[in-house]
1. From LEU31, LEU42, grab the single residue that is in contact with a helix residue (DSSP H, G or I) (Cβ under 7 Å, 6 or more places away or on another chain) and either open to solvent by less than 80 Å² (accessible area, probe 1.4 Å) or farther than 26 Å from VAL129 by Cβ (or both).
2. So, in segment 46-67, how many residues would count as being out of contact with any Lys or Arg (no Cβ under 9 Å at 6 or more places or on another chain) and crowded, with 19+ Cβ neighbours inside 10 Å?
3. Being in contact with a Leu (Cβ under 9 Å, 6 or more places away or on another chain) and among the charged types (D, E, K, R), is that true of even one residue in segment 89-97?
4. Where residues in segment 68-84 are open to solvent by less than 10 Å² (accessible area, probe 1.4 Å) and part of a helix (DSSP H, G or I), which of them is farthest from SER100 (Cα to Cα)?
5. Checking the structure you have, find out if any residue of segment 111-121 is out of contact with any strand residue (DSSP E or B) (no Cβ under 6 Å at 6 or more places or on another chain) and crowded, with 18+ Cβ neighbours inside 10 Å.
6. Would you tally the residues in segment 61-96 being touching a Pro at 6+ places or on another chain (Cβ under 6 Å) and of a type in the set (A, V, I, L, M, F, W, C)?
7. Kindly list the number of the only condition in (1) at pLDDT below 95; (2) within 15 Å of the chain's Cα centre (by Cα) that fails for LEU128.
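The values are calculated or read from the model by the stated rules, or taken from the named source; none is laboratory data. Since the structure is predicted, the reported quantities are computational estimates derived from the model, not experimental observations. Every residue, glycine among them, receives a Cβ derived from its backbone with ideal geometry; neighbour counts consider all protein chains shown. For the accessible areas, the whole protein counts, side chains as well, though only heavy atoms, and no ligand, DNA or RNA atoms are used. Shrake-Rupley method; radii C 1.70, N 1.55, O 1.52, S 1.80 Å.
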Amino acid sequence: MTNSRQKGAAFERDIANKIYDATGIEVKRDLEQYRASDHGDLIGFPGWTIECKRYNSHGSIYYKREWWEQVVTASLSNGTQPVLIYKYDRQPICCVVFISSINADYAGKQDTVIIPFSTWCMLAAESLVESH
């Protein structure tokens, strides 16, 4: 296993623990992600496809377009909302979601927003309550 893959796996485990701490929902790494395309990194959060990225700082706080495209493709294959959770060195954890995930008035729009990880945890937990 390469160092970058180890770093990614460690970040996925860390995010899984943080999601559990914030929401009480237990998610786990999807080991199929390495064998099949269109899988998120973490599974077990109803209604969401979760992709995690951890990289060295490249002088920007913005995510790479291909990361977002990857999680959107995976979410389309299983009918869930995509969330990209990413972190650069010495930066806070950020999440990318469609704006419609925050405000249903924007349904059908492809616009995205970057929100803090804690905000996504609150949003995702509330989405579970609203669906029941």
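1. Being in contact with a helix residue (DSSP H, G or I) (Cβ under 7 Å, 6 or more places away or on another chain) and either open to solvent by less than 80 Å² (accessible area, probe 1.4 Å) or farther than 26 Å from VAL129 by Cβ (or both) holds for just one of LEU31, LEU42, which is LEU42.
2. Qualifying residue count for the region: 4.
3. no
4. ALA74
5. yes
6. 2
7. Only one criterion in (1) at pLDDT below 95; (2) within 15 Å of the chain's Cα centre (by Cα) is unmet by LEU128, namely (2).
Every residue, every condition in (1) assigned to a strand (DSSP E or B); (2) under 18 Å from SER77 (Cα atoms); (3) modelled with pLDDT under 95; (4) more than 12 Å from the chain's Cα centre (by Cα), yes or no:
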{"position": "MET1", "(1), (2), (3), (4)": "no, no, yes, yes"}
{"position": "GLN6", "(1), (2), (3), (4)": "no, no, yes, yes"}
{"position": "ALA9", "(1), (2), (3), (4)": "no, no, yes, yes"}
{"position": "GLU12", "(1), (2), (3), (4)": "no, no, no, no"}
{"position": "ALA16", "(1), (2), (3), (4)": "no, no, no, no"}
{"position": "TYR20", "(1), (2), (3), (4)": "no, no, no, yes"}
{"position": "GLN33", "(1), (2), (3), (4)": "no, yes, yes, yes"}
{"position": "ASP38", "(1), (2), (3), (4)": "no, yes, yes, yes"}
{"position": "ILE50", "(1), (2), (3), (4)": "yes, yes, no, no"}
